[in-house]
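We did not get these values from a lab; they are worked out from the coordinates using the rules stated. Everything numeric in this text was worked out from a predicted model, so none of it was measured. Neighbour counts are summed over all protein chains in view; Cβ atoms, including those assigned to glycine, are modelled from backbone coordinates with ideal geometry.
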Amino acid sequence: MTDATRVLVVDDQVLLRGSFRILVENEPGLTAVGEAGDGAEAVELARLHRPDVVLMDVRMPVMDGIEATREICGSPGTAGVRVLILTTFDLDEYVYAGLRAGAAGFLLKDAPPAEVLAAIRVVARGDSLLAPSVTRRLIEEFALRPAPDHGGPAPLAGVTGREREVLELIARGLSNAEITARLHLSMGTVKTHIGRLLSKLAARDRAQLVIAAYESGVVAPSDGGLGRC
C-alpha cells in the first residue's frame, strides 16, 4: 500500500510497543515500518525508514524521547518526520521541552484506540495535536516560568495586528473554524494568516505558535490563557 501513512513505534515496554504496532497494522491506510526500544534506536530507524509519523515514548534508556525528537526534527534527513509523543499524567512536565524539540503533538498513553489512530492522521497531514489536559499543563508550565522580558527586540516584529489576533486565538486552543467565526474571516484568510505566522516566527507548526504566543506575552498564563498583554 504505497499511499499508506508510515508509522514508527517507539517505547521501551515491549508489550505496549507491540500493542501500538498491532493497532496501527490493523487500521486501513496505516502501516508500521518498525519498532524501537529506546531513543537512539528511534533516531537510527527514522533515518533508515523516514516514516511519516513517530509514536514516541518519553522516558526510555540510552536516549530519552525528548532528545530523540530533537535529533529527528533537527536533522535535514528526517526534518519532515512528524513526532507524536505519548505521555502520562506524571510526565506532563516534559510537554514544554517536547514541543521545543519539535514534537507535533502529545497524546495520553491511555487514550482510546480510535483517538490514537485519529491523532496519527492529524499529525501526518501536518497539523499539531495537544490533548486538552496536556494543553492545561502547558499553560501551567508557562505560569511557573519568569515573565517574558520584553525590554529587548520585539519578538513579534513584522507580525500584523490581525495576525496577532489569530495567534492569540491559536494559543487559547481555538480551531481554524472557531477562529473564522470569532474574527468573521473566511477559512482561506485564516489559513493565510497562520501560514504567514509560521513563516515570520520560524515556527514548525501550530504547537510552536502556542509557545511563541506565551513567550512573547501575547497571552498570559495568569489569565488562564485568556488575557491579552
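Results, tabulated for the structure shown:
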read-out	value
Calculated from backbone phi, Karplus (6.51, -1.76, 1.60) coupling profile of the range 28-44 in Hz, x at Gly/Pro	x, x, 10, 8, 8, 9, x, 10, 9, x, 7, x, 5, 5, 4, 4, 4
Proximal charge balance of ARG17 [Cβ under 10 Å; K/R count +1, D/E count -1]	-3
Extension gain (nm, one decimal) between THR88 and ALA4, 0.36 nm per residue minus Cα-Cα	27.4 nm
Cα Rg over Rh - the range 1-93, Kirkwood	0.95
By average C-beta atoms within 10 angstrom, highest first, the peptides 48-57, 210-219, 11-20	48-57, 210-219, 11-20
